[in-house]
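The values are calculated or read from the model by the stated rules, or taken from the named source; none is laboratory data. These numbers were taken from a predicted model, which means no experiment stands behind them. Note that we place each Cβ from the backbone using ideal geometry, even for glycine, and neighbour counts take in every protein chain shown. Keep in mind that these areas ignore ligands, DNA and RNA; they rest on the heavy atoms of the full protein, side chains included. Shrake-Rupley method; radii C 1.70, N 1.55, O 1.52, S 1.80 Å.
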Amino acid sequence: MTGRLKGKVAFITGGGSGIGAATACRFAEEKAIVIICGRRKELLDQVVAAICAKGGQAYAVQVDVSNEDQYVDAINDAARCHGRLDILVNNAMAYSAGPIEATSTAAWHVNFSTTLDGTFWGTRAAMQLMHQQGMGGSIVNVSSICGLSGAAYMAGYSAAKAAIINFSRAAAAEGGEHNIRCNVVIPGTVETPPMLEMLKSEALRSKTEKLIPMRRVGQPMEVANAILFLASDEASYVNGSTLTVDGGQSSTLLTSAAFD
């Protein structure tokens with residue numbers, strides 16, 4: 001542990017697995033007090049136990065981020081309990097997939113209640129707390145490369161993730177004068193539980209990896225390291241930025257694999 005986040009209190013949504021869990025572990029390694037939330041208490045408890053076993057400090061709270069009162073209350077309770085809030089990572093998401101022609105209004109809204117509404121509710125609550133504290137803070141919102149380019153059968157998810165990017169720019173513009181920074185991490189194809197389910201076919205995984213210049217799927221810890229940078233004081237003058245962590249996938253029209 002090097003202590004890059006020593007003394008800071010961090011709240012992370014979707015902390016029971018994937019990018020959220022990796023971020024919680026990484027923050028704890030840097031001596032942050034970490035509060036993780038999610039819907040599945042058993043997964044949260046496993047992450048907390050792993051952090052504490054290594055000497056870190058972490059707490060879990062069962063929260064449905066699509067429920068405004070639950071989520072906002074959890075953030076405020078964490079700040080009261082630990083005396084402050086320095087970092088918020090809005091990582092939780094939910095999605096529905098399918099062709100636009102067959103997507104119901106209810107299925108469309110599934111993509112927004114957690115992913116976008118939750119990001120708004122969390123960002124608003126964090127900005128209020130950080131402003132009142134007078135010490136500033138860092139908010140990192142997690143988007144997706146689906147928010148940069150259209151993805152067939154993922155219209156709602158793509159729309160929600162695209163909205164996070166521009167919403168975060170607005171938050172950065174408003175929070176900057178109070179030293180409240182808001183930035184976005186944009187993961188590509190990363191080995192999270194939902195992605196592993198999609199890529200369980202070796203043939204599909206091989207095709208997917210050919211679309212990525214680095215020829216491999218990313219790991220949650222690689223995204224967590226990017227989130228750590230933006231959350232830390234090392235990024236003290238980084239505000240309203242997007243940091244893409246995708247092995248080069250979004251920067252290329254064709255990889256050399258297309259000519260193999």
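The table for this structure:
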| quantity | calculated |
| --- | --- |
| Span-like helix ranges in the chain, DSSP H, alpha carbon extent 15 angstrom or more, Kyte mean at least -1.0 | 18-29, 41-53, 68-82, 118-133, 155-175, 220-231 |
| Carbon + sulfur, % of accessible area of region 100-166 - ligands and nucleic acids excluded, 1.4 Å | 59 percent |
| Charge dipole of region 117-260 about the Cα centre (unit charges at C-beta), most positive-ward option of ASN239, GLN133, SER206 | SER206 |
| Extended-chain gain in nm, criterion 0.36 nm per residue less alpha-carbon gap, GLU191 and ALA107 | 27.8 nm |
| Distance between region 83-99 and region 181-243 - C-alpha centres, whole angstrom | 15 Å |
| Fraction of accessible area attributable to carbon and sulfur, region 200-254 (%, probe 1.4 Å) | 57 percent |
| Helix-only [θ]222 nm of the chain, DSSP H runs n ≥ 4, -39500 (n - 2.57) each, per residue, nearest 500 | -13500 deg cm²/dmol |
| Whole-angstrom gap from region 49-68 to region 136-160, using each part's C-alpha centre | 24 Å |
| Spin-label zone in region 173-197 - amide nitrogen under 16 Å from a point set 7 Å from the Cα of ASN166 along the C-beta vector | 173 |
| Of ALA102, MET154, THR252, farthest towards positive along the dipole that unit charges on Lys, Arg, Asp, Glu beta carbons give the chain | THR252 |
| For the chain, size of Cβ-based charge dipole, Lys and Arg +1, Asp and Glu -1, in debye | 400 debye |
| Efficiency of FRET from Cβ geometry, ILE100 and ALA173, R₀ 35 Å, rounded to 0.05 | 0.65 |
| Accessible surface, the chain, averaged per residue in Å² (probe 1.4 Å) | 47 Å² |
| Accessible surface ranking that places the most exposed of HIS82, HIS131 first, with a 1.4 angstrom probe | HIS131, HIS82 |
| Descending semi-axes in Å of the chain, equivalent ellipsoid built from Cα gyration tensor | 29, 20, 19 |
| Solvent exposure, largest accessible area first (probe 1.4 Å, DNA, RNA and ligands not counted), of THR115, THR252 | THR252, THR115 |
| Nearest-10 value in Å² for the accessible area of PHE167, using the 1.4 Å probe | 60 Å² |
| Apportionment of accessible area to carbon and sulfur, region 1-82, percent (1.4 Å) | 46 percent |
